[in-house]
Amino acid sequence: MEVAKNFVLKITRSEELKYIKDLADYVDGKIIGNNEFFSIDGFTGKFTFLNEAHTGDIVIRHWINAVGVEMAFNKNIACLITQTPKDGAIELAERLNFPLIITDKIELANAYALAHTIGKYSPGSTNIIITGTNGKSTTSHLIYHILNNAGYHVLTNTDSESEFNTLIDPMVSKLVYDEVSKNGDLDYLVIEVSEVQGWLNNLMKSHAALMSEAISPQVGVITNVAMDHIGLVNSIDDVFEEIKAVPKAIGDGITILNHDDELVRSLEVQNPFYTSMSKIDDENAVYFDGEDIVYRNNSILSIDELPFKGNHFIQNILSAIGACISLNIDMDDIVEGVKTYKALNRRFAKLNDAPLIYDDFAHNPDGIKATISETLKLLPQNQKLHLVCAIRGSRGVEINQLNADALVESMTGNINVYLSSSNDVVNESNFVKPKEREVFFNTLNKNNIEFTHFDNLNDCLLEVYKKADKKDIILLIGAQGMDPAKSLLDNII
């Protein structure tokens with residue numbers, strides 16, 4: 001972790017980047033081709049993607065081939081940074097005398113881009129990071145909404161499709177540059193940081209800590225520690241190992257901790273602020289007592305005033321409130337922000353009333369169990385829950401085994417189970433492989449749980465909608481294979 005810390009401390013002091021050699025040193029890279037920035041005026045200050053790059057920009061790509069090098073040359077960009085040059089990229093860079101930096105750790109380039117961009121274009125913003133296995137997106141988006149609703153200029157990388165929050169590309173750097181260039185200085189940056197990250201089953205060690213240090217947060221949130229990203233990590237201990245260095249990146253800032261999670265509670269933190277779903281005696285805490293959210297012995301919100309009532313969502317609300325209290329946001333603004341919040345797409349979103357249809361991005365064991373549990377509480381007596389689960393495609397047998405086990409653990413009450421491979425709506429990178437499908441089938445069969453499987457999501461949704469009584473509940477869960485469900489249901493209904 002010291003390597004990452006020294007790295008970020010070194011680059012955040014640099015306001016200008018004049019020499020390509022300095023950039024190569026910062027990212028532990030080797031320069032191929034030209035030893036100077038290619039564009040006449042040097043580096044513009046913008047890190048971006050190849051298809052959006054202009055003269056003087058720097059492009060970071062995990063891999064690049066000769067076609068990409070030629071595109072960069074024709075666009076007159078300052079230089080390219082990559083981890084994997086292939087298909088003649090090196091040879092063409094040398095022939096064109098075009099600067100190509102090759103690094104063994106592309107995350108260093110993206111951390112540099114993040115630190116450089118924030119340091120140069122948003123030096124006065126107060127920065128907040130959110131990490132953990134579950135609840136990051138809702139917590140981040142809620143913090144963003146509270147601050148935005150209070151009249152502050154705020155930017156977040158959280159979006160409903162979870163496309164901007166990996167930090168393994170320069171998206172956030174680009175977002176910050178574009179926002180400041182267009183609308184002026186930012187008051188707050190709310191950045192969601194993946195707790196575990198990697199590429200092709202190769203773990204980017206200390207990713208969360210490295211990116212957090214690049215952001216230099218004044219407040220951090222750690223939601224929980226649970227299993228996800230199987231293949232990159234294979235145990236809770238592996239996940240904890242990635243998360244435990246994040247408080248060091250936050251330093252003497254305030255860290256919002258989920259007191260109900262034993263591993264989160266065990267983290268070594270300088271300035272903790274706890275949240276809990278039960279009463280805790282701590283001045284630096286906000287908790288839910290079953291009826292009200294309480295801070296310093298005062299009720300600040302009743303359950304009837306919350307935008308959603310499920311336990312795991314209330315935990316996200318507590319984290320967001322804790323973060324905003326730590327930012328010294330006026331309590332009236334915090335309360336108003338919570339009351340007026342509208343959930344992200346696919347975060348227990350209600351799609352229909354009769355029957356009730358909920359759609360949730362539950363894609364790992366803890367998310368699956370929590371979402372099913374909360375839905376069962378809403379189920380009228382003697383009615384059915386129709387559970388539709390998209391199998392995770394091209395994510396491996398292990399995560400699908402854990403997800404199937406989570407389904408089994410959640411089978412209490414009157415539940416009809418439907419599985420979808422979603423062949424009609426996913427691309428090749430999300431296609432369900434035979435072994436991934438088989439592990440679901442075998443696990444449910446072994447536990448005597450009846451289910452119906454559909455190759456296509458549209459067929460599955462059509463069948464479920466036909467069979468559901470108007471008083472039943474349909475719950476849609478899963479990741480990419482369930483993303484298009486809303487548009488399909490719009491046509492069906």
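The values are calculated or read from the model by the stated rules, or taken from the named source; none is laboratory data. As the structure is a computational prediction, the values presented were derived from the model and not from experiment. As a convention, Cβ positions derive from the backbone with ideal geometry for all residues, glycine included, and neighbour counts pool all protein chains shown.
All but one of (1) at positive phi; (2) modelled with pLDDT of 95 or more; (3) in contact with a strand residue (DSSP E or B) (Cβ under 9 Å, 6 or more places away or on another chain) hold for residue 33; state the number of the condition that does not hold.
Unmet condition: (2).
Among the residues of the range 326-356, which ones are more than 30 Å from residue 486 (Cα to Cα) and among the small types (Gly, Ala, Ser)?
Once the filter is applied, which keeps residues that are more than 30 Å from residue 486 (Cα to Cα) and among the small types (Gly, Ala, Ser), the range 326-356 yields only 326.
Looking at this structure, is residue 458 in the same structural domain as residue 404 (by TED's automatic domain parsing), out of contact with any helix residue (DSSP H, G or I) (no Cβ under 8 Å at 6 or more places or on another chain), farther than 20 Å from residue 350 by Cβ and not charged (D, E, K, R)?
The answer is no for residue 458.
Going by the conditions given, is residue 37 farther than 16 Å from residue 173 by Cα and not assigned by TED's automatic domain parsing to the domain that holds residue 143?
For residue 37, the condition - farther than 16 Å from residue 173 by Cα and not assigned by TED's automatic domain parsing to the domain that holds residue 143 - is met.
Note down all Cβ pairs under 6 Å where the first residue falls in the range 411-437 and is more than 11 Å from residue 392 (Cβ to Cβ) and assigned by TED's automatic domain parsing to the domain that holds residue 369, the second is assigned to a helix (DSSP H, G or I) and not hydrophobic (A, V, I, L, M, F, W, C), and they're at least six residues apart or on different chains.
Qualifying pairs under 6 Å: 424/458.
Just one of the numbered conditions (1) surrounded by 15 or more Cβ atoms within 10 Å (Cβ to Cβ); (2) out of contact with any helix residue (DSSP H, G or I) (no Cβ under 9 Å at 6 or more places or on another chain) is not true of residue 480; which one?
In the conditions (1) surrounded by 15 or more Cβ atoms within 10 Å (Cβ to Cβ); (2) out of contact with any helix residue (DSSP H, G or I) (no Cβ under 9 Å at 6 or more places or on another chain), residue 480 misses (2) alone.
So residue 299 passes all but one of these: (1) in a loop (DSSP other than H, G, I, E, B); (2) free of Cβ contacts under 8 Å to residues at least 24 places away in the same chain. Which condition number does it fail?
With respect to (1) in a loop (DSSP other than H, G, I, E, B); (2) free of Cβ contacts under 8 Å to residues at least 24 places away in the same chain, residue 299 is out only on (1).
Listed here are the residues, each with its yes/no results for (1) part of a helix (DSSP H, G or I); (2) buried (at least 24 other Cβ atoms within 10 Å of the Cβ); (3) modelled with pLDDT of 95 or more.
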position: 69; (1), (2), (3): yes, yes, yes
position: 81; (1), (2), (3): no, yes, yes
position: 116; (1), (2), (3): yes, yes, no
position: 127; (1), (2), (3): no, no, yes
position: 138; (1), (2), (3): yes, yes, no
position: 143; (1), (2), (3): yes, yes, yes
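Look through 269, 286 and report the one residue that is in contact with a Gly (Cβ under 6 Å, 6 or more places away or on another chain), among the hydrophobic types (A, V, I, L, M, F, W, C) and within 19 Å of residue 324 (Cα to Cα).
286
Mind counting the residues in the range 377-410 that are outside any loop (DSSP other than H, G, I, E, B), farther than 21 Å from residue 454 by Cβ and either without any contact (Cβ under 8 Å) to a residue 24 or more places away in the chain or out of contact with any strand residue (DSSP E or B) (no Cβ under 6 Å at 6 or more places or on another chain) (or both)?
5
Assuming residue 442 fulfils every condition listed in (1) surrounded by 17 or more Cβ atoms within 10 Å (Cβ to Cβ); (2) in contact with a helix residue (DSSP H, G or I) (Cβ under 9 Å, 6 or more places away or on another chain) apart from one, which condition is it?
(1)
Need pairs with beta-carbon distance below 8 Å; first residue outside any helix (DSSP H, G or I) and within the range 173-187, second of a type in the set (Ser, Thr, Tyr); sequence gap 6+ or separate chains.
From the range 173-187, the pairs are 185/122; 185/125; 186/122; 186/125; 187/125; 187/126; 187/152.
If you check residue 104 against the conditions, is it closer than 29 Å to residue 246 by Cβ, out of contact with any strand residue (DSSP E or B) (no Cβ under 6 Å at 6 or more places or on another chain) and modelled with pLDDT of 90 or more?
Taking the combined requirement at face value, the residue satisfies it.
Could you please give the count of residues in the range 361-370 that are in contact with a Leu (Cβ under 7 Å, 6 or more places away or on another chain) and modelled with pLDDT under 90?
Of the residues in the range 361-370, 1 are in contact with a Leu (Cβ under 7 Å, 6 or more places away or on another chain) and modelled with pLDDT under 90.
Restricting attention to the range 247-272, and to residues there that are assigned to a helix (DSSP H, G or I) and touching a strand residue (DSSP E or B) at 6+ places or on another chain (Cβ under 6 Å), which single residue is farthest from residue 193 (Cα to Cα)?
In this case the residue turns out to be 264.
Say we look at the range 411-424 and pick out the residues that are assigned to a loop (DSSP other than H, G, I, E, B) and at pLDDT 95 or above; which of these is farthest from residue 369 (Cα to Cα)?
Result: 424.
Please work out which residue is modelled with the highest pLDDT, limiting yourself to the range 233-244 and to residues that are among the hydrophobic types (A, V, I, L, M, F, W, C) and surrounded by fewer than 21 Cβ atoms within 10 Å (Cβ to Cβ).
The qualifying residue modelled with the highest pLDDT is 240.
With respect to the numbered conditions (1) surrounded by 16 or more Cβ atoms within 10 Å (Cβ to Cβ); (2) of a type outside the set (Phe, Trp, Tyr); (3) closer than 23 Å to residue 188 by Cα, which one is the sole condition not fulfilled by residue 366?
(3)
Spot the failing condition for residue 103; the list is (1) without any contact (Cβ under 8 Å) to a residue 60 or more places away in the chain; (2) under 31 Å from the mean Cα position of the chain (by Cα); (3) on the phi < 0 side of the Ramachandran plot, and only one is missed.
Of (1) without any contact (Cβ under 8 Å) to a residue 60 or more places away in the chain; (2) under 31 Å from the mean Cα position of the chain (by Cα); (3) on the phi < 0 side of the Ramachandran plot, only one is false for residue 103: (1).
Check whether at least one residue in the range 321-328 is at pLDDT 95 or above and either closer than 25 Å to residue 236 by Cα or part of a loop (DSSP other than H, G, I, E, B) (or both), and report yes or no.
yes
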